[in-house]
């Protein structure tokens, strides 16, 4: 049975090996280049501290026109290769057997359907695992420079393209393809479903699910310029929200309508003085303690700022949690595949 | 007859609210070659799939080679099955299929299949998708036979073949049967072909078993009667009318006569051939549907 699965699918395995190699051919030289450029920039800023700021090199790195393209190619590749695996290995694998009736040939040899499916799943999911590992080693290594230059690695496009996630995606999408093809028995439909699941998962996890894995850290600050920023670490945190809240802790969208009349007056005066339109903040007459009179008034009224963020050190916890969820869903999809194959008629 | 290779009791298969097969009672003796005939949609494919364990029955029971059909290696190793569309892995060559057979079966006669395909001059290294329909059918049959099954179930294997390929296929089959130890059930629309290779007949129509017996017995029990029209209702006990046609003055009846029944002398008796009998049964089922 092992021999036959290999014989049947070796061409697909080979093609995906080649795809991976092509991706490596893009990432290895560019990754090297960026790493060296970063080291160069570090040396430069150490020598010319007046010109370059060593703590923020984002202005000097990744700014060329081709850098954007390379970055896009890297993200597309790391997202796309697991998707392609799900679409062109996971989905057709069973569907083609059903479509061409060869399942009836295979299932009337002296191998039980359970064994047949188990060996097939083991091979293909095993391949997806290996493929995901190679892919993530490449992509994570490539992203190293980018990560070092203080990047938030939690957001969409960064989170899924590093660490455990490429492995989770490869295995999960392959299993989804398997399940969809066992369910609907049509390659095209299985392709469409696998693609749909991919889109749904990438969109929903980044925006609605991932922020809630762990209770975010909450910081509060007085009203005033930069007071809140001073309390949020700069390196790689994921800021989920920044709000101005009133004395009851209720988040305020637009300050003016809800502000106490005294503060409203100060704001209005400031706008007139600035000849400004609504919302433009102009320094009014300095208050006795040197602060902004509007901020002072709002502070007195109990207003303050609140931010919620996930600290950078939680990154690997988040990776483990999300990859764990995907592996759980992979197991469900595999279980459903067994049900469809074993319990339904050929 | 001795042991039974297949025995079904009230076997039925329902898809949604549609019964593809209902109350199917057949019994197939070991070593026989049975022709499974019936119009399209009569449930022939459904019955064969139930017997292989590829699908599960909605009602009733069946015993195939002494056990219920199941997805188990021991059961499957006794069965050779050839599905209607003659499925093979189109991109793989015959050699790969032989290797598949070897790897997927505990018992697989590689020497037999290699020799057989060689004798038939079928190229072993060409993708089977590029072989002719007749060659593909031969590869598929050889694969099924190389399992050395006790029971071979063939679902319209010759339907898509030209007369020469059909002849070759049936010769191969006859040869395999002659080697002994094989029970065959083969469905087909081609009644003349079936008569050539089979000794039993099963007629399915409208999802029900109409007839299941040895061909010799069937021929013996059925008569074509021609007589005056008015007497059609006076045939008496032991005579079952399968099909009747009437002209102004006389009636032609195809009847099944129980052993020892005597017929009135006014009936002219003829011996119908198996094709006529089968057609009569199919026609009966159709009228039954229309009623």
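The values are calculated or read from the model by the stated rules, or taken from the named source; none is laboratory data. Keep in mind that what you see is a predicted model, and the values were worked out from it rather than measured. Here the Cβ is made from the backbone with ideal geometry for all residues, glycine too, and neighbour counts use every protein chain on show.
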Filter pass, residue B:213 being under 27 Å from residue B:41 (Cβ atoms) and either surrounded by fewer than 12 Cβ atoms within 10 Å (Cβ to Cβ) or modelled with pLDDT of 85 or more (or both): yes
Say we look at region A:11-36 and pick out the residues that are surrounded by 11 or more Cβ atoms within 10 Å (Cβ to Cβ) and within 14 Å of chain B (Cβ to nearest Cβ); which of these is modelled with the highest pLDDT? A:15
Any idea how many residues of region A:96-111 are without any contact (Cβ under 8 Å) to a residue 60 or more places away in the chain, crowded, with 19+ Cβ neighbours inside 10 Å and either over 16 Å from residue A:177 (Cβ atoms) or more than 10 Å from every other protein chain (Cβ to nearest Cβ) (or both)? 6
Residues that are part of a strand (DSSP E or B) and not assigned by TED's automatic domain parsing to the domain that holds residue B:29: does region B:258-265 have at least one? no
What do you reckon, is residue A:93 within 14 Å of chain B (Cβ to nearest Cβ), more than 20 Å from residue A:179 (Cβ to Cβ) and assigned to a helix (DSSP H, G or I)? no
Which listed residue, of A:171, A:176, A:199, is surrounded by fewer than 12 Cβ atoms within 10 Å (Cβ to Cβ) and within 30 Å of residue A:94 (Cα to Cα): A:199
Condition test on residue B:142, is it within 14 Å of chain A (Cβ to nearest Cβ) and either closer than 17 Å to residue B:93 by Cα or touching a helix residue (DSSP H, G or I) at 6+ places or on another chain (Cβ under 7 Å) (or both)? yes
What number of residues in region B:189-231 are assigned to a strand (DSSP E or B) and more than 21 Å from residue B:21 (Cβ to Cβ)? 8
Do the conditions hold for residue B:201, that is, is it under 30 Å from residue B:267 (Cβ atoms) and in the same structural domain as residue B:21 (by TED's automatic domain parsing)? yes
When the residues of region A:329-346 are filtered to those that are within 14 Å of chain B (Cβ to nearest Cβ) and in a helix (DSSP H, G or I), which remaining residue is farthest from residue B:58 (Cα to Cα)? A:338
Hey, residue B:9 buried (at least 23 other Cβ atoms within 10 Å of the Cβ) and in the same structural domain as residue B:175 (by TED's automatic domain parsing) or not: no
